[in-house]
Amino acid sequence: QPKTTPLVDDYEISDTVLGLGINGKVVQCTNRRTKQNFALKVLLDNEKARREVDLHWRASGCKHIVNIIDVYENTYSGRKCLLVVMECMEGGELFQRIQEKADSSFTEREAAHIMREICEAIYYLHSRDIAHRDLKPENLLYTTKEPNAILKLTDFGFAKETFTNDTLQTPCYTPYYVAPEVLGPQKYDKSCDIWSLGVVMYIIMCGFPPFYSINGLSISPGMKKRIRSGQYDFPDPEWTNVSQAAKDLIKGMLNVDPSKRLRIEDVLRNKWIAQYDAVPQTPLCTGRMLKEGEETWPEVQEEMTRSLATMRVDYDQM
Ligand SMILES: O=C(Nc1cc(-c2cc3c([nH]2)[C@]2(CCCNC2)CNC3=O)ccn1)c1cccc(C(F)(F)F)c1
């Protein structure tokens, strides 16, 4: 039900570019009547864009997912576009905010609260059979710069529905001769999101990623092998004081076998997440490590983007 009236009648588009998404550019815009700022994502109208907008609309009711305010279908220089008006997240990205705390100590309890917020978003999606499939640091934004800001997930450019046609899945209905692939795509897409949750939690706890290419090449052959074989550890001194509960939760989310990986219900039931306000207030070195690794952060982001792209392809073929 996108609007077909010109967006520019209702909003003034500023030339402030907020970022580039998978399917389109994000700029700031202002409502002409209320003078309120919003974010505008410009998508070329095609099947991919329609899916992104449809799934993002359905997710938009969640407190921890960037809300869609309006969608317009306009034509610019003969090209049909989908224009997505979203609430403007003015607090910037998750890891910029943690890095800005480099001086005052960022504690394990604050890390658990952040993980709880991200898990709420993923639970909202998975319980509606939607997999995000692009959960990574730059898609986690804060509403404001205030202390009580809310963390939200954005960019549904790779999101997809994870149909599990239960009727065929339940043994009593599955005729013994049906091939596994006939049972519809596995729900491994959801386990992409759980792996991402594990990587994001690992970085929140120490300020560097669990997997990285040694020789500075992004996704070196060795790195891919390390990811597939689950080769990572919790090196001292950064991890010395981190609770065993946090380490066990990360292990459960980074399990190399997607069918053995925790599901989002398991993560939300985990004590470290469920009772995050009882987690010890151990100071973490995340802010300082993010600051020290600032200039290599773009490579960390690129490596996560590549790992996700590989995983999406691998899991689609399962
Ligand atoms: O990005 C800002 N507001 C914002 C941004 C988005 C947004 C949507 C998407 C993205 N941002 C990205 C940008 C590139 C990185 N991935 C995410 C690509 N895909 C999207 O779908 C949504 C809502 N409000 C912003 C606004 C004002 C100030 C500030 C800052 F705090 F930085 F000053 C940021």
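A few points about this structure:
- Here is the figure for the stretch 17-39: residues that are within 9 Å of the ligand (Cβ to nearest atom) and open to solvent by less than 60 Å² (accessible area, probe 1.4 Å) total 8.
- Failed item in (1) small (Gly, Ala, Ser); (2) farther than 18 Å from Pro2 by Cα; (3) free of Cβ contacts under 8 Å to residues at least 24 places away in the same chain, with Ser60 passing the rest: (2)
- The single condition among (1) more than 16 Å from the ligand (Cβ to nearest atom); (2) in contact with a helix residue (DSSP H, G or I) (Cβ under 7 Å, 6 or more places away or on another chain); (3) at pLDDT 95 or above; (4) open to solvent by 30 Å² or more (accessible area, probe 1.4 Å) that Ala102 does not satisfy is (3).
- Residues located in the stretch 249-269, provided they are touching a residue at least 24 places away in the same chain (Cβ under 8 Å) and either in a loop (DSSP other than H, G, I, E, B) or farther than 21 Å from Ser307 by Cβ (or both): Leu254, Asn255, Val256, Pro258, Ser259, Arg261, Leu262, Arg263, Glu265, Leu268
- Check on Ala111, on the phi < 0 side of the Ramachandran plot, modelled with pLDDT under 95 and aliphatic (A, V, I, L, M): no
- Which numbered condition Ala121 fails, given (1) within 17 Å of the chain's Cα centre (by Cα); (2) more than 16 Å from the ligand (Cβ to nearest atom): (2)
- Test: residue in the stretch 107-114 that is touching a residue at least 24 places away in the same chain (Cβ under 8 Å), within 12 Å of the ligand (Cβ to nearest atom) and surrounded by 19 or more Cβ atoms within 10 Å (Cβ to Cβ): no
- Looking across the stretch 293-318, just one residue is closer than 21 Å to Ser105 by Cα and surrounded by fewer than 14 Cβ atoms within 10 Å (Cβ to Cβ), and that is Glu294.
- Any chance Lys271 is open to solvent by 40 Å² or more (accessible area, probe 1.4 Å) and within 21 Å of Ile118 (Cα to Cα): yes
- For the stretch 40-67, the set of residues classified as near the ligand (Cβ under 10 Å from one of its atoms) and over 16 Å from the mean Cα position of the chain (by Cα) consists of Leu40, Lys41, Leu43, listed by residue number.
- Applying the condition of being of a type in the set (S, T, N, Q) and open to solvent by less than 30 Å² (accessible area, probe 1.4 Å) to the stretch 120-147 and asking which residue is farthest from Pro298 (Cα to Cα) yields Thr143.
The values are calculated or read from the model by the stated rules, or taken from the named source; none is laboratory data. Everything numeric in this text was worked out from a predicted model, so none of it was measured. Cβ coordinates were reconstructed from backbone atoms using ideal geometry, including for glycine residues, and neighbour counts include every protein chain displayed. The area values use the complete protein model at the heavy-atom level, side chains included, leaving out ligands, DNA and RNA. Shrake-Rupley method; radii C 1.70, N 1.55, O 1.52, S 1.80 Å.
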